[in-house]
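The values are calculated or read from the model by the stated rules, or taken from the named source; none is laboratory data. This one's a predicted model, so the numbers in the text were calculated from it and none came from an experiment. Don't worry about glycine lacking a Cβ; one is built from the backbone with ideal geometry, like all the others, and counts go over all protein chains shown. Side chains included, ligands, DNA and RNA excluded: accessible areas come from the protein's heavy atoms. Shrake-Rupley method; radii C 1.70, N 1.55, O 1.52, S 1.80 Å.
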Amino acid sequence: MKKTLISISIACLSIVASSAQEDWANFGRYADANKTAAHGADAVFMGNSITEGWNQSMSEFLSDNGYINRGIGGQVTSQMLARFRPDVIELQPKSGVILAGTNDIAGNMGEISLDDILRNIVSMAELARYNGIKVILCSVLPAVEYGWSPGRRPAQKIAALNEMIRSYAERAGCTYVDLHSAMKDERGGLKEGLHTDQVHLTREGYRMMASILKPIIDDTVRE
């Protein structure tokens, strides 16, 4: 019995060590950048590949406005929540722009309910507000298919999650940005010309997001 318990303990330690090596939430991605990042930016963007894509497709939107990008491709809301303190709070921005949830619906880290996705988003929002950071919650962008996770038919789930995010933002006094309505087509997916693969954006897609986000960020940080 004692030998069995020792074997189980060693196995558990191996799992923990393996997880630590893998850096599950990717804390290391921006660790060096955070050491030298300017504090007090008008906005830090938290999100997944859609947020990260600003760097490649429209980096001038960030640099011209002094915005900081902390998006990581493939991430789900639990990973973003785990790294929210070093990647957003400790940079002390005026606002945090959160665009999250589509990878949860895609099942990137396993199945998760819409309620639990919302809980992760709410937790990020509450951490920001507690630390004096204004919260800008973006709707999840439209999608009718995930190329890497086919058969999920996400359009209705995205619409439902967006309504939950909007309702929370209204109750909590956060800013809600409805990108979804402006960017969707009749199927509930992204409009032609805005996407490369039903999910990720073209430069034109980023131009549309920038035109919507910029005045909202300006208004929010100056309130």
Looking at this structure, is Gln156 over 28 Å from Glu22 (Cβ atoms), over 16 Å from the mean Cα position of the chain (by Cα) and among the polar types (S, T, N, Q)?
yes
Answer from Ile112, Ile72 - the residue that is open to solvent by 50 Å² or more (accessible area, probe 1.4 Å), out of contact with any strand residue (DSSP E or B) (no Cβ under 6 Å at 6 or more places or on another chain) and at pLDDT 95 or above:
Ile112
Inter-residue pairs, beta-carbon under 7 Å, first at pLDDT 95 or above and in the stretch 41-53, second among the aromatic types (Phe, Trp, Tyr) and part of a loop (DSSP other than H, G, I, E, B), 6+ apart
Ala41/Tyr67; Asp42/Tyr67; Ala43/Tyr67; Phe45/Tyr67
Reported set for the stretch 129-150 where residues are closer than 19 Å to Leu161 by Cα and aliphatic (A, V, I, L, M) is Val135, Ile136, Leu137, Val140, Leu141, Ala143, Val144
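Kindly check whether there is at least one residue in the stretch 209-223 that is open to solvent by 50 Å² or more (accessible area, probe 1.4 Å), closer than 24 Å to Asp42 by Cα, acidic (Asp, Glu) and under 18 Å from the mean Cα position of the chain (by Cα).
The first filter runs over the stretch 209-223 and keeps only residues open to solvent by 50 Å² or more (accessible area, probe 1.4 Å), leaving 211, 214-215, 219, 222-223.
Next cut, closer than 24 Å to Asp42 by Cα only: 211, 214-215, 219, 222-223.
Within this subset, residues satisfying the condition of being acidic (Asp, Glu) are 219, 223.
Still in the list and also under 18 Å from the mean Cα position of the chain (by Cα): none.
No: the stretch 209-223 contains no residue that is open to solvent by 50 Å² or more (accessible area, probe 1.4 Å), closer than 24 Å to Asp42 by Cα, acidic (Asp, Glu) and under 18 Å from the mean Cα position of the chain (by Cα).
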Please determine, by comparing only the residues of the stretch 90-101 that are out of contact with any Asp or Glu (no Cβ under 6 Å at 6 or more places or on another chain) and open to solvent by 10 Å² or more (accessible area, probe 1.4 Å), which one is nearest to Ile216 (Cα to Cα).
Leu99
If you go through the stretch 57-74 one residue at a time, do you hit one that is within 23 Å of Arg153 (Cβ to Cβ) and of a type outside the set (A, V, I, L, M)?
yes
Count of the stretch 163-184 residues which are crowded, with 17+ Cβ neighbours inside 10 Å and either among the acidic types (Asp, Glu) or modelled with pLDDT under 95 (or both)
0
Which residue pairs have Cβ atoms closer than 6 Å, lie 6 or more positions apart in sequence or on different chains, and pair a first residue in the stretch 188-202 that is surrounded by fewer than 21 Cβ atoms within 10 Å (Cβ to Cβ) with a second residue that is in a loop (DSSP other than H, G, I, E, B) and charged (D, E, K, R)?
Lys191/Asp185; Gln198/Glu145
Within the stretch 159-172, can one find any residue that is part of a loop (DSSP other than H, G, I, E, B) and on the phi < 0 side of the Ramachandran plot?
no
